[in-house]
Amino acid sequence: MGEGDRLIQRRRWHAAVLAGDDDAWRDGYDQAYDAVRAFIAWRCAGCADLIDDVEQETWMTAVRRIGDYDPGRGTLAVWICGIAAHVVRNALRARRRRSARVSALVGECPEPPDAPAENDRAEWTARTLAELPDHYEQALRDKYLHGRSVAAMAEDRGESLKAVESLLTRARDAFRQTYQRLSAADG
């Protein structure tokens, strides 16, 4: 099936959903779910409680805003992942505000002795991914979440291998610097 056929299929699906076809919505959900869940898990760096909250808020937002979806701009999964990226950023900001308010009210509380530092690392990773420019986050996601080769990334982007290698180097450097800044500020 060519891209033109896929576009026609996406437009028909969208029209059916807007007309209230629950089966069409379920089909779209089923087709997009795995990609959306993987994206959210990546952006939340494995923080299970954050993943579940973000996933729920993302799908609720998608349902409310389905009229805004433009089949000509991409797949439903890509559109919903864009929503998820904003939901993750907002959820991380809300967590930081809550944490700051609690600290202001009760002072610094000692960590329980069995609290794993891994929770902090996961949250710093999620916050770092949320702060990276989109093109850096996308490059890291393609390489490390999707396991794509530099050659495949270069072909998709219409760029040279050196350009993609350079992009990945800059993205890793930006990730490292942002992560260190966030962990130093919180630690």
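Per-structure values
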quantity: Local electrostatic count at ASP5 - Lys and Arg +1, Asp and Glu -1, tallied over other residues with Cβ under 15 Å; calculated: +3
quantity: Zero-based 5 Å bins, Cα pair distances in the chain, whole percents; calculated: 1, 7, 13, 16, 16, 15, 12, 9, 5, 3, 1, 0, 0
quantity: The range 124-175: radius of gyration and largest Cα-Cα distance (Dmax), Å; calculated: 10.7, 33
quantity: Percent accessible area from carbon and sulfur atoms, the range 1-95, protein chains only, probe 1.4 Å; calculated: 50
quantity: Acute angle (nearest 10 degrees) that the helix 117-131 long axis makes with the longest principal axis of the chain, alpha-carbon atoms; calculated: 50
quantity: Calculated from backbone phi, Karplus (6.51, -1.76, 1.60) coupling profile of the range 63-77 in Hz, x at Gly/Pro; calculated: 4, 5, 10, 4, x, 7, 5, 10, x, x, 9, x, 6, 4, 4
quantity: Estimated 222 nm signal from helices in the chain, with DSSP H stretches of n ≥ 4 weighted -39500 (n - 2.57), rounded to 500; calculated: -25500 deg cm²/dmol
quantity: Theoretical gain in end-to-end length, ARG37 to ASP70 [0.36 nm per residue, Cα-Cα removed]; calculated: 9.8 nm
quantity: Mean separation of Cα contacts under 8 Å, 6 or more apart, over the residue count of the chain: relative contact order %; calculated: 22
quantity: Label point distance in nm, LEU161-TYR29, each placed 7 Å from Cα along Cα→Cβ; calculated: 4.5
quantity: Radius of gyration and maximum dimension Dmax of the range 9-97, Cα, Å; calculated: 13.4, 43
quantity: Projected label distance in nm at ASN90 and ALA19, using a 7 Å step from Cα toward the beta-carbon; calculated: 3.1
quantity: Average accessible surface area per residue within the chain, 1.4 Å rolling probe, Å²; calculated: 61
quantity: Karplus-derived HN-Hα couplings along the range 9-25 (A = 6.51, B = -1.76, C = 1.60, θ = phi - 60°), whole Hz, x at Gly and Pro; calculated: 4, 5, 5, 5, 4, 4, 4, 5, 5, 5, 7, x, 6, 5, 5, 5, 4
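The values are calculated or read from the model by the stated rules, or taken from the named source; none is laboratory data. Everything numeric here is computed off the predicted structure, so don't read it as measured data. We place every Cβ from the backbone using ideal geometry, glycine too, and count neighbours over all the protein chains shown. For the accessible areas, the whole protein counts, side chains as well, though only heavy atoms, and no ligand, DNA or RNA atoms are used. Shrake-Rupley method; radii C 1.70, N 1.55, O 1.52, S 1.80 Å.
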